[in-house]
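FYI, it's all coordinate maths here, none of it is from the lab. Bear in mind that the values here come from a model prediction, so they are computed numbers and not experimental data. Don't worry about glycine lacking a Cβ; one is built from the backbone with ideal geometry, like all the others, and counts go over all protein chains shown.
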């Protein structure tokens, strides 16, 4: 018994016409006959009375079978409608660590995924690391450097990058230590403030500090932690501070800033709680992202 057998039976039970059923299903009339014969052989009963030429009717068994399948179809349709309604009501949330750029490849692939999955309803969001726990608890996905994954136990992760993404020292063009991206005066950098986001994972913070010490000889005169990195570019333009940013950081593209590549790199990952992330198409979408490995 196949889905095609059942689908063909349901259609023939409603039309009581082999020719119309074949036309509606875009198959040949002999194919309709094969589907019905296959179903009757497996069930061991006749579903249609064909004793009167050109005038078929459902047998008593056929009526019972049709009513049962119709109820099943009703339950199925209702279930699909509820899933679709829930999907549209609660979109699939994809969070990026604040400051991260959404790569063009992600945007293009998501557009293609939406075209082939009309009911896929998503929303992209930017959050600070302090909001990670809340997002994971709500079943959302976070895209961030891999250095964050060990801080949140029980999460599933998926690597999204083929090569590690580099980190940079970033400062305004009028910073005394940055003449251009090829010449850096580390002594002058040390005399200014290092801005960092709060709640950095320990592994990443250690990497930052070790790299800063190796470049500057010691830590800068001041380290200031920000609740949000949204306004950091305005601070950087003042020329009295600098920061460290990953390669997927939007400020790197600013014409007001200069950047200097340092010896830190990280893969980017998607991270989610598998027990909470139950969006119907989440798995398919994440597998699609995995294939990009940009």
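Tabulated values for the structure
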{"quantity": "Cα-Cα separations in the chain greater than 34 Å, expressed as whole percent", "calculated": "47"}
{"quantity": "Most to least packed among 16-28, 140-152, 278-290, 51-63 [average Cβ atoms within 10 Å]", "calculated": "140-152, 278-290, 16-28, 51-63"}
{"quantity": "Tail weight of P(r) past 22 Å, computed on alpha-carbon pairs of segment 3-88, percent", "calculated": "31"}
{"quantity": "Label-to-label distance, nm, for residues given as residue 250 and residue 125 (7 Å Cα→Cβ offset)", "calculated": "1.6"}
{"quantity": "Added length on full extension, which subtracts the Cα-Cα distance from 0.36 nm per residue, residue 31 to residue 210", "calculated": "57.2 nm"}
{"quantity": "Fluctuation leader among 178, 48, 235 - the chain, Gaussian network, Cα springs under 10 angstrom", "calculated": "48"}
{"quantity": "MRE, 222 nm, helices only [DSSP H, n ≥ 4, -39500 (n - 2.57), over the chain, to nearest 500]", "calculated": "-13000 deg cm²/dmol"}
{"quantity": "GNM top mover of 252, 47, 136 - the chain, alpha-carbon springs below 10 Å", "calculated": "47"}
{"quantity": "D (Stokes-Einstein, µm²/s), Kirkwood Cα radius, segment 151-294, 0.890 mPa s at 25 °C", "calculated": "146"}
{"quantity": "Gain on full stretching of the segment that runs from residue 291 to residue 150 - 0.36 nm per residue minus C-alpha separation", "calculated": "48.4 nm"}
{"quantity": "Gyration tensor (alpha-carbon) shape descriptor, segment 54-201, a/c threshold 1.5", "calculated": "prolate"}
{"quantity": "DSSP beta bridges in segment 9-152 [antiparallel fraction, %, rounded to 5]", "calculated": "20"}
{"quantity": "Extended-chain gain in nm, criterion 0.36 nm per residue less alpha-carbon gap, residue 179 and residue 2", "calculated": "56.5 nm"}
